[in-house]
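Below: the structure, in structure tokens.
Derivation of every value follows stated rules applied to the coordinates shown; laboratory data play no part. Quick caveat: nothing in here was measured; it's all calculated off a predicted structure. For neighbour counting, all protein chains shown are included, and Cβ atoms are generated from backbone atoms with ideal geometry for every residue, glycine included.
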Amino acid sequence: MIQGTLYIISAPSGTGKSSLIKELFKKKLLYDIQVSISYTTRSARQGEVNGIHYFFISKTDFLEMADNNEFLEYACVFGNYYGTSRIMIENILKNGVDILLDIDWQGAQQIRKVMPIVCSIFILPPSKDELYLRLCGRGQDSSIVIEKRMSQALSEIEHYNEYDHLIINDDFNTALSDFQSILRSGRLRLCRQIQQYDSLIRKLLAD
């Protein structure tokens, strides 16, 4: 069975990461890929569905899972816990399906320690001013929260050079094309192609 690839996607809040991922899945991709669903202790926002956007659980249950080493990574962000199920990721990859894992740089560092073979992508805004406008434009946070998110964003951006790929989300369609190209190139890696076309290669090399 061909092993799937784990893709780590990180970006400051307001950069457009979620929009890029959402738009990607509207495309008719030629391969199996899905987004990892994280566990969180925060309350569901309007329109969010348990088991689709997140697995919403209590803080007590979350910490119990963490104590049992059930997370590949987890972190506390703005007072809420977020974590990635170890078993869920491993099972999906074993079935040859690629996974997009939307986490911050701290989570990415944790993942690399236990799963060194990953492909990581960092997304940057075109400017600080544009990032601020995008955060304000969402209309879901107070001015105090926006200032906190801006401060957090600048801290996160410092870790861009820990990633394999860098996308600047200035023009959305260009950023989406770059995103797709990275995922497609992953499918064309030699190790993946050998696994998929082993029989063909053997025939071509046969005397």
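Cross-linked pairs K59/K128; K22/K128; K26/K94; K27/K113; K22/K148; K26/K59: Cα-Cα separations exceed 27 Å for K59/K128; K27/K113; K26/K59. For F71, the residues 5 or more places off, or on other chains, whose built amide H falls under 5 Å of its own are R86. Using the Cβ-Cβ distance between E147 and L190 with R0 set to 45 Å, the FRET efficiency works out to roughly 0.45. If you sort the three axes of the alpha carbon gyration tensor as a ≥ b ≥ c, you get a/c under 1.5 for the range 1-126, which makes it rounded. Distance between Cα centroids, the range 12-26 to the range 172-201: provide it in whole Å. One Cα centre to the other: 20 Å. Shape class for the range 62-132, computed from the alpha carbon gyration tensor (a ≥ b ≥ c): oblate, with a/c not under 1.5 and a/b at or below b/c. Spin-label model, S19/V77: points 7 Å from Cα along the beta carbon direction are separated by 1.8 nm. Under the criterion of Cα pairs below 8 Å and six or more residues apart, the relative contact order for the range 48-207 equals 16 percent. Considering only Y160, Y31, Y82, the Gaussian network model of the chain with Cα springs below 10 Å gives its largest mean-square fluctuation to Y31.
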